[in-house]
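Student: Got a structure for you, written out below as structure tokens; questions coming shortly.
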């Protein structure tokens, strides 16, 4: 897998455009993802991240531009593209009624692998789900579900993996579990395209970061390069502590008129 | 890719069948309404309805069977809706599998789930005194018509399953179908109905299907009703299939 076929990047996107009716979601997106790297598409909600992923995963057709995955064109060779990639969408795409192991066996069967049971057991082990493997997925925590979801994407060792906002809605502990899984992936030579709205997630995981804003890539580089590009623009996120007054108002809630009355009386007395 | 169509569809059908066997409550709720209606009609209203020499339980069983299917397919829509919403549908579609297998798995599962419900309802009817001298050919003909009816309604259920925006919406389309047998020959002879109602009752699909099944069970010659019944089923099947596939293409394009 890690042969010197560096002739073409794992993902190549050129002039990608997509609009829904009059609403332009993508207005000419270009980027490359090198083999075996983690590439983060960073953007706020509605920036078009998921649209790009869906086009690359052959779930959606672009209006203009080209996109290639693993050397195959998404429009002309969708079947080859689907052979080469695995998608972990925004919502954990797991079967709630099946057990974790059954979910993995299902995907292994659909990928026509020789020994689905062995593949499932191996992945359960890698994602620390062996004990929970025989339990129904509906009993899993959010982090376990996500781990299973990512494990399902690894069945059959596809060379390219898309992770669309893999940690949205997860608690901090579960986020760290998922990050660890993603880092392991890249360590084994898989190309990962990650979308996220969390700056620290991109910073933690990605070899390269592209910032998608209003349908265009407005910056693309390593974290160091991005820092060099905008030296003065140090954005600081400061947690705003509530004042005692705000806490007080929040506690008394809708009883403002009562409070005012009491104050009034107190003033008189 | 198409070489795997049957293998992939079999794997996916195995998955949805597990959904049926692991949520037995869906089978029970599918069966409970028709069984309750059967009890009501046979032991409460039935005495006041004149069906000649035919025992009332024999008279109304065909209509009850159609109600069973109509309430069963709302779960088909529900299961499809859940797949669409949960993201597993997208996972399947981004995989190198025969894409139409995803829909066919739901359709095949619907046929199996409805078969189970129908067998249970017929079993209860037998306990309540339903008797027929019908031989194997007549039973096969009944099974064939019910199969075609279930297939047609299943493809109809695929449409809301794919396009609904809420769970309630996905299941609600079945209510008119459940009530259609009431304005037909299923429970009372149509001759007793006032003019316009009678005209509707005698020309809507349920009446011809009910009459055909009733004749088959009673070992009477089926007459022209069977052709009307088959035409309704086949027509609904083709229309529903075309619409469902159009919805599918629109949804996934």
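Student: Name the shape class, rounded, prolate or oblate, that the alpha-carbon gyration tensor gives for the range B:2-252, where a ≥ b ≥ c are the square roots of its eigenvalues, rounded holds for a/c under 1.5, and otherwise prolate holds if a/b is larger than b/c and oblate otherwise. Write down the numbers at each step before the final one.
Tutor: Values: a/c = 1.97, a/b = 1.88, b/c = 1.05.
Cα axes put the range B:2-252 in the prolate bin.
Student: Which order, highest average first, do A:134-143, A:60-69, A:236-245 follow once you tally other Cβ atoms within 10 Å for each residue and take the mean per peptide? Walk me through the intermediate numbers first.
Tutor: On the way: A:134-143: 15.3, A:60-69: 17.9, A:236-245: 6.8.
Top of the packing list down: A:60-69, A:134-143, A:236-245.
Student: With each pseudo-label sitting 7 Å past Cα toward Cβ, what's the residue B:192-residue A:22 distance in nm, one decimal?
Tutor: It works out to 6.0 nm between the two label points.
Student: Between 0 and 90 degrees, rounded to the nearest ten: what's the tilt of helix A:172-187 against the longest Cα principal axis of chain A?
Tutor: 20
Student: Nearest-5 percent of antiparallel DSSP beta bridges in the protein assembly as shown? Each step should come with its number before you reach the end.
Tutor: Values: 21 of 39 bridges.
Roughly 55 percent of the DSSP beta bridges within the protein assembly as shown come out antiparallel.
Student: For a test of the definition: using alpha carbon positions, the gyration tensor, and the 1.5 limit on a/c, classify the protein assembly as shown as rounded, prolate or oblate. List each step's numbers first, then the result.
Tutor: Numbers: a/c = 2.47, a/b = 1.69, b/c = 1.46.
Because a/c hits 1.5 or more and a/b exceeds b/c, the protein assembly as shown counts as prolate.
Student: Just subtract the alpha-carbon distance of residue A:252 and residue A:45 from 0.36 nm times their residue separation and send over the number in nm, one decimal.
Tutor: On the way: separation 207, 0.36 × 207 = 74.52 nm, distance 3.38 nm.
Separation in residues times 0.36 nm, less the Cα-Cα distance, equals 71.1 nm.
Student: Moving on. With the Cα gyration tensor of the range A:11-243 giving a ≥ b ≥ c as the square roots of its eigenvalues, does the rule (a/c under 1.5 for rounded; else a/b larger than b/c for prolate; else oblate) give rounded, prolate or oblate?
Tutor: Details: a/c = 1.86, a/b = 1.27, b/c = 1.47.
Note, shape of the range A:11-243 comes out oblate.
Student: While we're here: Over the Cα atoms of the range A:93-162, what Rg and Dmax result, in angstrom?
Tutor: Cα only, the range A:93-162: 10.8, 31 Å (Rg, Dmax).
Student: Roughly how tilted is helix B:56-86, in degrees to the nearest 10 and between 0 and 90, from the longest Cα axis of chain B?
Tutor: 10
Student: With r defined as the distance between the Cβ atoms of residue A:141 and residue B:126 and R0 fixed at 41 Å, what FRET efficiency is calculated, to the nearest 0.05?
Tutor: Numbers: r = 48 Å, r/R0 = 1.17.
Here the calculated transfer efficiency is 0.30.
Student: Cβ neighbours within 10 Å, averaged per peptide: list A:84-97, A:22-35 in order, most packed at the top. Can you show the working numbers first?
Tutor: On the way: A:84-97: 22.7, A:22-35: 16.8.
The densest-packed peptide leads the list: A:84-97, A:22-35.
Student: Quick check: the angle from helix A:116-126's long axis to the longest principal axis of chain A, C-alpha only, nearest 10 degrees?
Tutor: 40
None of the figures in this text is laboratory data; all of them are computed from the coordinates on show. From a predicted model like this one, the values you see are computed outputs, not experimental measurements. Because the Cβ atoms are built from the backbone with ideal geometry, glycine has one as well, and the counts that use them run over all protein chains shown.
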